[in-house]
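Okay, structure first, notes after.
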Amino acid sequence: MNIKQILAGKFRRAVLFAFDCVVFACVTGAYYFGAIFFEHHASDYSYIWSNAGILLAAVLIARLFFGVYNSVWRYTRTLSYLKMVFADVIGIIVAAVTVFAAHLGNDIWLFAVIAPVNTMLSVCSRLFYRLIYKHRYKAHTSSDKKINVAIIGAGQLGAFLANELLCNHQSTFNPVFFIDKDPQKIGNHVAGLKVYPEDESVFELIKKNGITELFVAIAELDSEEAVRIFNVYSRAKCKLKIYDIPVKDFHKDEEEESEKKSQKVIRDFQIEDLLFRKPININTGATRRFYFGKTVLVTGGGGSIGSELCRQIAKCHPKKLIILDIYENNAYEIQQELTRLYGEKLDLVVEIASVRERDRLEAIFNAYRPQIVFHAAAHKHVPLMEHSGCEAIKNNVMGTYNTADMAEKYGAEKFILISTDKAVNPTNIMGASKRMCEMVVQCRTDSKTEFMAVRFGNVLGSNGSVIPLFRQQIKNGGPVTITDKRIIRYFMTIPEASQLVMQTGFMAADGELFVLDMGKPVKIYDLAVNMIKLSGFEPDVDIKIEEIGLRPGEKLYEELLIKTEHLEKTENSMIFIERDKPLSRAEVDAKLEVLMNAVAEAKTEICSPLIKEAIKKVVPTFREPEKVNKNAERSEEMKMTTV
């Protein structure tokens, strides 16, 4: 909220306060002159003004105490009027007790007439103002210039949305009717709009009324209901949007909350809303307490996962947060975001550095002595790393080795590696490099620093992931390209991924490898179809879907777990620990020597086969993608996918 808005709010409150004083003075004056007119003894009623002053002061103080003047009356609801009446009743009681206890008068009619009339006029004035505001802007704004919408959900949230759109002259939307499943609401009117049932006839109504967008206004909408609504209404060929407002905020009447209830909270229906499970919230109070007052370093802190980790860590009030990234633009963006949110409350440092450079890393670790290290820096794109395998080895493997060495040397308590499902039985250099990173972490069981890794699948909306690609392709009018209609992947949201990492960092010890139960894998083809529908288009009619073939090193499915290894449950039912015998430091060092020799030999070449050969030697679970894809239909992952 800027200064202009703050001043406007203060001015509005001052005007209301002055208006109420004038109304009260008029009511008191009418009572006073009425008493004189009927009794003809003006001097006998001089006490009326002093008692009325006490009554006015008590009522106004009560209204201020209960926040009556914080309400924006053109948007407010019944609760605000009840709050005013309640405040006035308290003020009247306090004033009456004061007057009679101090023997300042004995005219009970003063409180029986002036106070209720004043309250009634105050309420009526605000109702009248709201009606004038509503009809004034309705008359000045032609509905022909607005977008006709229907609201799914005729509850309290839907009614609030309808009133807001009808009253707000800046709104570009014209609500036409409600859709609801509740038989008690069907056929009736809510906020002046008729409620229709969710059946076949509603699609004809949508077409007849020129509805182009559907707003879902259901409090605490879960993914199961979101999927149902999407499946039902996607055939209407309308854009689906969500009135996204938390219930805890919806029940507030303060001016600040009222100002937030604008069109900005109407957001597009997103693919994240269609996860085939309820979003996982695994952050706990114990986890937050663990990071409180700690110095925390995040490598790759400007990336999708790294930046979200920084947001979550900042909420835990660390002693210091250090963002390390080689890409200055991303690091700058998260720095500015956290600075705006926390200002001087967060001790934030940004260091531009590469995890490949040991000297630079040593300088940073020596200067800040981080207690917790999250290692998210990595090259992650499979096709690019197939072509530039040397870079995957230098950045992913040696970068992890360098960072782990510095964490150990400078006494970090915890080191948490961000890994991937592509490290399980890898079929490409990127996945194999991440498996080597896990080995680097797992071999350090004799260290005072506790090393661990977190493995999860694809992250919805992360940089370079399929979701932003599909969005851009749809925006361009298509085609949407997928490598293979059969390909499946595990998905989670960015907040889920970061919260998983946060909690496992709190739980982990002794080179453990944590895995999240991510539910069923999802077909990429289904994601493409749903995203096209969410944009208001029909797949393969308005937007084409083209199959372009698997890329180098890509397999049809990913695995989260190494099947031959033992899984152990944790206190969180969604988190598991893989128990396999770690290699010794000497064995890992020998593997690293093989890789670095291959990098040295291939330094004058582009896409050298030496890297792939070295990877196969050091990662025994490496498999050729062609062989894996040939038998993909028999895999448990492919069988889990719903068609």
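The values are calculated or read from the model by the stated rules, or taken from the named source; none is laboratory data. Everything quoted here is computed from the prediction, not taken from an experiment. With ideal geometry, Cβ positions are generated from the backbone for all residues, glycine too; neighbour counts draw on all protein chains shown. Side chains are part of the model used for accessible areas, which takes the heavy atoms of the whole protein and leaves out ligands, DNA and RNA. Shrake-Rupley method; radii C 1.70, N 1.55, O 1.52, S 1.80 Å.
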- Query: Which of the residues spanning region 86-117 are modelled with pLDDT under 70, open to solvent by 60 Å² or more (accessible area, probe 1.4 Å) and not in a loop (DSSP other than H, G, I, E, B)?
  - Reply: ILE108, TRP109
- From the list ILE48, ILE54, which one is open to solvent by less than 20 Å² (accessible area, probe 1.4 Å) and at pLDDT 65 or above? ILE48
- Six or more apart or on different chains, Cβ under 9 Å: which pairs go from a residue in region 340-357 that's touching a residue at least 24 places away in the same chain (Cβ under 8 Å) and open to solvent by 30 Å² or more (accessible area, probe 1.4 Å) to one that's of a type in the set (Ser, Thr, Tyr) and assigned to a loop (DSSP other than H, G, I, E, B)? Could you list them? ILE352/TYR327
- Do you know which of the residues in region 187-221 that are in contact (Cβ under 8 Å) with a residue 60 or more places away in the chain and not in a loop (DSSP other than H, G, I, E, B) is most open to solvent (accessible area, probe 1.4 Å)? GLU213
- Message: For the structure I just gave you, tell me whether GLU333 is among the acidic types (Asp, Glu), out of contact with any strand residue (DSSP E or B) (no Cβ under 8 Å at 6 or more places or on another chain), touching a residue at least 24 places away in the same chain (Cβ under 8 Å) and open to solvent by less than 40 Å² (accessible area, probe 1.4 Å).
- Response: no
- Task: All but one of (1) farther than 16 Å from GLN312 by Cα; (2) buried (at least 16 other Cβ atoms within 10 Å of the Cβ) hold for GLU328, so report the exception by its number.
- Result: (2)
- Message: Quick check on VAL232: is it open to solvent by 40 Å² or more (accessible area, probe 1.4 Å), of a type in the set (Val, Ile, Thr) and at pLDDT 50 or above?
- Response: yes
- Where in region 396-509 are the helices (runs of 4 or more DSSP H), entirely inside, with at least 2 residues that are of a type in the set (Lys, Arg) and either on the phi < 0 side of the Ramachandran plot or open to solvent by 10 Å² or more (accessible area, probe 1.4 Å) (or both)? 429-442, 466-475
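Is it the case that some residue within region 65-82 is open to solvent by 20 Å² or more (accessible area, probe 1.4 Å), modelled with pLDDT of 70 or more, over 29 Å from LEU166 (Cα atoms) and outside any loop (DSSP other than H, G, I, E, B)? Outline the logic, then answer.
Of all residues in region 65-82, those open to solvent by 20 Å² or more (accessible area, probe 1.4 Å) come to 65-66, 70, 74-75, 77-79, 81-82.
Now restrict to residues that are modelled with pLDDT of 70 or more: 65-66, 82.
Add one more test, that the residue is over 29 Å from LEU166 (Cα atoms), and what stays is 65.
Next, only the ones that are outside any loop (DSSP other than H, G, I, E, B) stay: 65.
Taking every residue of region 65-82 in turn, at least one turns out to be open to solvent by 20 Å² or more (accessible area, probe 1.4 Å), modelled with pLDDT of 70 or more, over 29 Å from LEU166 (Cα atoms) and outside any loop (DSSP other than H, G, I, E, B).
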- Query: Between a first residue in region 374-387 that is farther than 21 Å from ILE606 by Cβ and a second residue that is of a type in the set (A, V, I, L, M) and open to solvent by 20 Å² or more (accessible area, probe 1.4 Å), which pairs have beta carbons less than 8 Å apart while being 6 or more apart in sequence or on different chains?
  - Reply: ALA376/ILE305; ALA377/ILE326
- With respect to ILE364, determine if the residue is modelled with pLDDT under 95, under 19 Å from THR403 (Cβ atoms), crowded, with 18+ Cβ neighbours inside 10 Å and aliphatic (A, V, I, L, M). no
